[in-house]
Amino acid sequence: MRRYPNVLPWEENMGEQAVFRIAGVRKTFGAVPVLQGVDLALKPGAVTILMGANGAGKSTLVRILSGVYRRDAGTITLADQPFEPATPAGAIRAGVVTVHQSIDDGVVADLDVATNLTLDRLNRKGARFFFNPRRVRLEAAAVASRMGLSINLGAGISELTLADRQMVAIARAMAHEPKVLILDEPTSSLSSAEAERLFELIGRLKARGVAILYISHRMSDIRRLADSIVALRDGRIAGSFEGPDLDYEGAVNAMLGKKVSSGSVNVREAGAPVFKACGLRLSAQSRPIDLSLGDGEIVAVTGLVGVGKTALAETLFGARSPAAGKMVLDGQPYAPKTTGQAIARGVFLVAKDRAESGIVPDFNIYENTSLPFLRRLSRFSVSNRRAERARARGQITSLGVVCRSERDEMQTLSGGNQQKVMVGRWLSEPSRVLILDEPFQGVDIAARRDIGAKLRASAVGRSTILFLTELDEAFEVADRILVMSEQTIVGEHRNAGIDVERLLSEIAGQKHQQVSGS
């Protein structure tokens, strides 16, 4: 096993017997069984990948292991001792630390970085009664240094980018002395450099005998980290894979319960131009972007985290103003001052962060589906509930949303099904440009392909542009792939016979020649 230098001080105290065993764990909500006898063993010094389609029970299992839910049946032991956390704090004290997929579960938005990094220590029994800002800063600086975290410790969490908030959440978890570390989609908001720092830390933890449960849909993460893979389907373990030659395809097939073929696209030629941008600058310092989107085509814009993909999506949607340049929609000038003006012109956005910018958790499916279009569905300021429910049922059927009815509250749905509802919301009305920012983030392979198939089947009559970090997702759905680097377009590829090596070098920023997106 590879040993990593500069071992963190708290790693010296980790026991060699950090074995986590789960046997016959069951959990039911109402009349719905979610976990149906899950058996799982996490070995010390190894990464176990947990794969599962949305709704398979992954989130419920993680919440049980982290002390959020109580199991209905089964046993859990940690180092051969019963593991019975009544609260998340109890799980942490026992040595089971979780970094949840929702970043807001790992940080406190109203506090600064330093306080977040030391918050758990401040709450420990025996902690000093008086708050000492200097001591907090010193301890936070030590945690940040061990993580290789270069963030202003005095900055508020709400001021940070999504990626920086994720790194703070991970650093806060690493500041504990975990016997078991649970990571739920930890790289979904990280750049490759930030992910590499996380992988290095995982290597250090492995070398000290920490058992790691890693939930991910990213095959690049899985291939890099997995010592074993466990597939969860319908609340049961559908397959376990280990050994020097892991059967990745077998794990995916076990997860889905069916044979999965590689994605392929019948590339269609673009129709008449719907949207054009000329000399568009996202900032005063960035290079200009020229972009043309045709009727019926699907364009994927890919690149690393932080290269400007979300900034471009928000500019097209009127959520931010460009520093320079012009946009044209259907032959007419397009310069929306608000998102409402963009929607009125038929430009829709499926936002990146569905929790903050997408769903209303306390609303049901049909209310979330019709929310942006209530005026169109109302008469004399009274909404037409029958019409709202009918359009929601249509999208549920079309996208294969797993639910009981359109009256289900959004918070009862799995992440993938929530995302299907968000996509269905913007497909329920005709649009001229449909923008989707990381629409497959945290979504399993089956849900991803359902959404992709629906986008392609409904593409004629509009232009569709997706902003994606994962290349596999772009290959599966796009007719044309553009590469962003340093807030501009640096590459263009028709999705047929792509020179992958060239594309990867453009993503890495090795080519800076401005190209036209037409």
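Just so it is clear, none of the values below were taken in a lab; they were calculated from the coordinates. What you are looking at is a predicted structure, and each value in this text was computed from that prediction instead of being measured. Counting neighbours? That spans all protein chains shown, and the Cβs are built from the backbone with ideal geometry, glycine included.
Ranked from highest to lowest mean number of other Cβ atoms within 10 Å per residue, what is the order of the peptides 227-234, 83-90? Could you put the intermediate results ahead of the total?
Values: 227-234: 20.5, 83-90: 14.9.
Top of the packing list down: 227-234, 83-90.
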message: Show me, for segment 244-257, the HN-Hα J-couplings you get by feeding each phi into the Karplus relation (A = 6.51, B = -1.76, C = 1.60, θ = phi - 60°), rounded to Hz, glycine and proline as x.
response: x, 10, 5, 8, 5, 5, x, 5, 5, 5, 5, 4, 8, x
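Set the Förster distance to 41 Å, then compute FRET efficiency between V360 and T28 from the Cβ-Cβ distance, nearest 0.05. Present the calculation step by step, with values, prior to reporting the outcome.
Details: r = 27 Å, r/R0 = 0.66.
For R0 = 41 Å, the calculated efficiency reads 0.90.
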- request: List C278, C403 from most exposed to least, where exposure is judged by having the fewest other Cβ atoms within 10 Å.
  value: C278, C403
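Mean residue ellipticity at 222 nm from the helices of the chain, using -39,500 (n - 2.57) per DSSP H segment of n ≥ 4 over the full residue count, to the nearest 500 deg cm²/dmol? It would help to have the intermediate numbers written out before the result.
Details: 16 runs with 161 residues, N = 518.
Here the helix-only value at 222 nm equals -9000 deg cm²/dmol.
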Residue order, fewest to most beta carbons within 10 Å, for M422, M167, M327, M174: M327, M422, M174, M167
task: Tabulate in residue order the Karplus-calculated ³J(HN,Hα) for segment 460-468, using 6.51 cos²θ - 1.76 cosθ + 1.60 with θ = phi - 60°, rounded to whole Hz; enter x for Gly and Pro.
output: 5, x, 8, 9, 10, 10, 10, 10, 9
query: Using just the C-alpha positions of the chain as equal point scatterers, what log10 of I(q)/I(0) does the Debye formula give at each q in 0.09, 0.10 1/Å?
result: -0.69, -0.86
- request: Mark the label point 7 Å from the Cα of A89 along Cα→Cβ and return the residues of segment 38-69 whose backbone N is within less than 15 Å of it.
  value: 67-68
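Quick check: net charge around S398, other residues with Cβ under 10 Å of its Cβ, Lys/Arg +1 and Asp/Glu -1?
On the way: positive: R393, K420, K454; negative: D450.
Charge balance near S398 sits at +2.
From the cross-link list K27/K179; K27/K454; K179/K352; K352/K454; K43/K352; K309/K454, which pairs have alpha carbons spaced over 29 Å apart? Could the numbers behind the result be given before it?
Details: K27/K179 24 Å; K27/K454 33 Å; K179/K352 33 Å; K352/K454 19 Å; K43/K352 35 Å; K309/K454 23 Å.
From the list (K27/K179; K27/K454; K179/K352; K352/K454; K43/K352; K309/K454), the Cα-Cα distance tops 29 Å for K27/K454; K179/K352; K43/K352.
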task: Starting from the coordinates of the alpha-carbon atoms of segment 179-325, obtain the Kirkwood hydrodynamic radius over all distinct pairs and give the value in Å to one decimal.
output: 19.3 Å
task: Round to the nearest 10 and give me the degree value, 0 to 90, for the angle of helix 385-399's Cα axis relative to the longest principal axis of the chain.
output: 70 degrees
field: Ranked E506, E185, criterion: other C-beta atoms within 10 Å, fewest first
entry: E185, E506
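Could you give the size of the charge dipole of the chain about its Cα centre, using +1 on the Cβ of each K and R and -1 on the Cβ of each D and E, expressed in debye and rounded to the nearest 20?
Computed charge dipole of the chain: roughly 1040 debye.
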field: For segment 207-224, 3J(HN,Hα) per residue [Karplus equation, 6.51 cos²θ - 1.76 cosθ + 1.60, θ = phi - 60°, Hz, x = Gly/Pro]
entry: 5, 9, x, 7, 8, 10, 10, 10, 9, 7, 10, 8, 5, 5, 5, 4, 5, 6
statement: Cα extents of segment 30-95 along the principal axes, largest first, in whole Å, come to 32, 26, 18
- prompt: Put +1 on the Cβ of each Lys and Arg and -1 on the Cβ of each Asp and Glu in the chain; which of G308, V107, A46 then has its Cα farthest toward the positive end of the dipole?
  reply: V107
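Could you order peptides 64-77, 468-481 by the average number of other Cβ atoms within 10 Å of their residues, highest first? Mind showing how you got there, number by number?
Values: 64-77: 17.8, 468-481: 22.2.
Ranking, from highest mean packing down: 468-481, 64-77.
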- prompt: Bin by bin, in steps of 10 Å, what percent of the Cα pairs in segment 174-237 do you find, going until the bin that has the longest distance?
  reply: 18, 54, 25, 3
